[in-house]
1. So how do B:Arg151, A:Arg13 line up by other beta-carbon neighbours within 10 Å, fewest first?
2. Please give the length that would be gained between B:Leu26 and B:His49 if that part of the chain were fully extended, namely 0.36 nm times their separation in residues minus their C-alpha to C-alpha distance (nm, one decimal).
3. Please compare each pair in B:Lys62/B:Lys138; B:Lys62/B:Lys178; A:Lys101/B:Lys173; B:Lys138/B:Lys173 to a cut-off of 23 Å on the Cα-Cα distance and tell me which ones are over it.
4. Subtracting the Cα-Cα distance from 0.36 nm times the residue separation, let me have the gained length for B:Gln189 to B:Ser223 in nm, one decimal.
5. Between B:Lys178 and B:Gln209, what is the label-to-label distance in nm when each label sits 7 Å out along the Cα-to-Cβ direction?
6. How far, in nm, would the chain grow between B:Val57 and B:Trp170 when pulled straight, counting 0.36 nm per residue and subtracting the alpha carbon separation?
7. B:His64 to A:Met68: FRET efficiency via 1/(1 + (r/R0)^6), r the Cβ-Cβ distance, R0 45 Å, to the nearest 0.05?
8. Among B:Ser112, A:Ser78, rank each residue by its count of other Cβ atoms within 10 Å, from fewest to most, as a rough exposure measure.
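Every number in this text was worked out from the coordinates using simple rules, so none of it is lab data. Just so we're clear, the structure is a prediction, and the values are computed from it rather than from any experiment. Cβ placement follows ideal geometry from the backbone for every residue including glycine, while neighbour counts extend to all protein chains displayed.
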Amino acid sequence: GLECDGRTSLCCRQQFYIDFRLIGWNDWIIAPTGYYGNYCEGSCPAYMAGAPGSASSFHTAVVNQYRMRGMNPGTMNSCCIPTKLSTMSMLYFDDEYNIVKRDVPNMIVEECGCA
Amino acid sequence: SPPSTPGSCTACGLGQREEASPDDSLFLEAVKRHILERLQMRRRPNITHPVPKAALVTALRKLHSGRMGADGRLQIPNLDGHATLNSRNELQEQSSEIISFAETDPLPSSNSRLFFLISNEGKQNLFVQQANLWLYLKLLPPGAGKGSRRRVTVRIWYREAGSGPGQWAWLEKRVELKRSSWHTFPMTQAIQAQFQRGERRHDLGVECQSCGGLAVAPVLVDSSDESHRPFLVVQARALDAKHRIRKR
């Protein structure tokens with residue numbers, strides 16, 4: 001997956017870190033101290049579909065099947081989407097002042113690719 | 001940066017956050033909503049009287065004992081924002097560990113009664129995998145009891161599943177006491193039954209059998225001793241039958 005660096009318009013991962021102190025959420029979220037709200041942006045030209053970053057994408061597999069059968073995938077739009085997500089563990093207070101530790105799956109975008 | 005003038009703070013212009021553009025604030029709001037949604041919360045909790053730090057630190061230390069770093073600081077795994085899990089199945093499951101601190105029953109006759117407030121957050125279908133009550137049993141100063149006997153039985157009363165008000169069940173545990181220390185009492189079935197009934201309040205009674213003449217007392221909620229405040233630890237897993245895909 002590509003990292004966005006301001007020089008490419010291709011599908012890439014834009015890093016976006018939010019410090020909980022800056023939004024005043026550090027009073028109820030004990031850990032971690034911030035959240036990587038990364039997202040995907042950029043264009044996906046036809047040749048990018050099926051790039052290594054999205055090899056595991058179900059959608060890419062479908063497009064490839066269309067290709068193999070001689071159908072024209074060029075008419076289908078390719079999307080810049082997260083292709084790898086990771087879990088985030090959070091420790092926080094709930095409404096009843098209990099401490100909750102929760103492992104939240106698919107919270108952080110690790111890689112982007114075209115599908 | 002603007003040139004500094006005599007008497008002005010040269011560092012004042014540094015480190016200031018640029019004002020967020022309208023796009024940024026919209027994005028921030030979207031991220032906030034995303035986090036709350038993933039935690040099954042409608043809004044952020046309103047923290048008006050935070051849990052005393054002593055109670056918090058004790059509970060976390062007890063739960064993560066053996067995971068202290070060389071520098072003596074508490075290390076909580078997987079809380080750096082990223083986690084590595086072993087299998088895909090683990091990724092699909094949302095697990096929660098809830099630490100609830102005891103409150104005392106305001107009724108004057110119930111000085112050995114505790115209650116915990118834990119709701120089935122966001123009405124999600126939480127399955128209790130394990131629940132343990134942590135009690136600190138305190139040896140009173142010598143002379144307050146008969147002396148050398150240190151084996152006691154602690155009985156925990158809880159509301160029986162499907163019972164009416166006033167119907168209680170109990171479990172008990174024999175405890176060998178050498179010094180004042182923490183002890184755990186398994187509460188899995190009792191808490192699971194209350195979660196299934198959707199009850200928010202979990203009443204417990206603590207009774208020390210044959211402790212009358214002994215110098216032993218469970219420390220219940222004592223505002224002057226926050227570091228020994230009883231707590232309940234519930235390990236739960238979110239069950240979502242609609243979206244669960246099992247590999248065969």
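1. Values: B:Arg151 11, A:Arg13 24.
By the 10 Å Cβ count, ascending, the order reads B:Arg151, A:Arg13.
2. Values: separation 23, 0.36 × 23 = 8.28 nm, distance 3.02 nm.
Here the answer is 5.3 nm.
3. Working: B:Lys62/B:Lys138 16 Å; B:Lys62/B:Lys178 18 Å; A:Lys101/B:Lys173 28 Å; B:Lys138/B:Lys173 16 Å.
Violating the 23 Å Cα-Cα cut-off are A:Lys101/B:Lys173.
4. Working: separation 34, 0.36 × 34 = 12.24 nm, distance 2.95 nm.
Using 0.36 nm per residue and subtracting the Cα-Cα distance, I get 9.3 nm.
5. Output for this residue pair reads 2.4 nm.
6. Details: separation 113, 0.36 × 113 = 40.68 nm, distance 2.95 nm.
Between B:Val57 and B:Trp170, full extension yields an extra 37.7 nm.
7. On the way: r = 52 Å, r/R0 = 1.16.
Efficiency, rounded to the nearest 0.05: 0.30.
8. Numbers: B:Ser112 17, A:Ser78 24.
In order of increasing Cβ crowding within 10 Å: B:Ser112, A:Ser78.
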